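Structure, as structure tokens:
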Amino acid sequence: MTALDPPVDPTLDRPVRAKRSLAARLAAGAAGGVMRFFLILVALIWMVPTFGLLVSSFRNPTDISTSGWWKVFTAPGQLTAKSYRTLLENDAITSSLLNTVWITVPATLLVVMIGAMAGYAFAWMDFKGRDWWFLVVVALLVVPVQVALIPLSDLFGKLGIFGDIIGVVLFHVGFGLPFAIFLLRNFFAEIPRELLEAARLDGAGEMRLFATVVMPLAAPAIASLGIFQFLWVWNDMLVALVFSDSQSQPLTVALQQQVRQFGSNIEVLAPGAFISMVIPLAVFFAFQRQFVSGVMAGAVK
């Protein structure tokens, strides 16, 4: 420092942290270990019913009716796999589980594939009335499922697919496509135009461009869409209750029929309900990284 330099105010060297308000310091502390502890605690509380259902599925009906599931901590001898053996011997439950897979997998794949192609067309292909057609897709987002139950029941009856798995799949595909197209179109629109133009200059056609450039970039968004669609179709009961019969009913309807027919048939209901719950949870946790990436896509440049 020379003699010509202005004097330095020592108060300027104080940490900026000291100037923050009490609320700001509390917020900063909450963002650390305290908030993590709170979120873990909430997650554990949220998992208690699932854990209780798991324990109940391994108990005898007599023990379930006389005591709570937490009694297994003092009497672990109550645990048995008899309920799952009973479940596997129930043809209605096992066939409905297969029907759920046959409904959910095609409905999810078709929505993802058709929605991706339509979203790319709305984002990067020029055709007559493109914006008006996209407004129609957006308008379809607000159409409730209940409005279409009676008209589509009549249509499927005339086509001869009412009560079949194909009818349930088509219903889910039809109502899943508007959201899929809206979501993927907005994601595809964020892809830099220069990247697509460079691929076209290299001789890539629209199909090759879509398959080799756009789809790999859209993997997080497609994973998020797939999870949403899978959970919606797997857990659905209203559509399946209307459009399926005894041969094509999914697991949700089969469990509801068990309640109506047998009342307290807990040795079948408990393991069946747990299987119906654990499979969507496994799918979500398996793709949670892609789900978070898809949700955050476009939020940060």
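Residues that are open to solvent by 70 Å² or more (accessible area, probe 1.4 Å) and closer than 19 Å to residue 236 by Cβ within the stretch 79-109 comprise 98, 102, 109, listed in sequence order.
Residue 112 - would you say it is more than 30 Å from residue 192 (Cβ to Cβ) and either of a type in the set (Val, Ile, Thr) or touching a Cys at 6+ places or on another chain (Cβ under 8 Å) (or both)? Explain how you work it out, then say what you get.
Values: more than 30 Å from residue 192 (Cβ to Cβ): no; either of a type in the set (Val, Ile, Thr) or touching a Cys at 6+ places or on another chain (Cβ under 8 Å) (or both): yes.
No; evaluated as a whole, the condition is false for this residue.
If the condition is being open to solvent by 90 Å² or more (accessible area, probe 1.4 Å) and not in a helix (DSSP H, G or I), then the stretch 34-78 contributes only 74. The numbered conditions (1) modelled with pLDDT under 85; (2) within 23 Å of residue 280 (Cα to Cα) are all true for residue 41 except (1).
The values are calculated or read from the model by the stated rules, or taken from the named source; none is laboratory data. Because the structure is predicted, anything quoted here is derived from the model rather than measured. Cβ: placed from backbone, ideal geometry, glycine included. Neighbour counts: every protein chain shown. These area figures cover heavy atoms from the full protein model, side chains too; ligands, DNA and RNA do not enter into them. Shrake-Rupley method; radii C 1.70, N 1.55, O 1.52, S 1.80 Å.
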